[in-house]
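Let me begin by handing over the structure; questions about it come next.
Quick note: the coordinates plus some simple rules give every number you see, no bench work behind them. Keep in mind that what you see is a predicted model, and the values were worked out from it rather than measured.
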Amino acid sequence: MALVYTFCTEAEADAFFLGRLGSDSYWTSGAEKEAALTTAYRQIYYNKEYEFTDPASGVEWATVIKYAQCEQALFLLIHQEDMDKRVGLQAQGVRTAWSVQEGYAEGVKRPPICISAKEYLKPYRKYGMGLMVNMPD
C-alpha cells in the first residue's frame, strides 16, 4: 500500500519515532505503519476544527503538522481496537456500559484527535492563527 495523501512520509515518521519514548512497542510493522499514517492524515486533514494551506500551492507543510500526524498514528496503533468497540456499542444504541462503568453521548462523533497531536495543531485551529484550506475533492 502506498501513501497517497500525507503530511509525513513513513521515513520521516520513522525518524520522529526514534526519539519518541514508548513508541518502539507499537511502531513496528510496515503495513500497519502505513495504515496508521494514512488514517491519522485523514482524521486530521478532514477534521473541521483545523485549516491548512493546500500542498499544491507550493507552501511547505510545517514540521509540527508532521509531528501531529505521527502522534495521531501512534495513538491509533495503541487505541484503535478499543475505539472501534466503543463506536460499535454507540452505533447499536448503547448509552451506558455498566460492566466498564462508561457512558456514551448520543450519536457517533468524529474520531478523536489525541492530546499530543492537538498541541502540535494549535496554530491551525479555525478562527485562530489558522491558514485557509483548499480541500481536495
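Please give every one of the lysines within straight-line cross-link reach of Lys118, meaning a C-alpha to C-alpha distance under 21 Å, and leave out same-chain neighbours fewer than 8 residues apart.
Lys33, Lys48, Lys66, Lys109, Lys126
While we're on this one: So what does the Cα-only Debye profile of region 10-124 read at q = 0.09, 0.13, 0.17, 0.21 Å⁻¹, as log10 I(q)/I(0), no solvent term?
Scattering profile of region 10-124, log10 relative to I(0): -0.29, -0.58, -0.90, -1.17.
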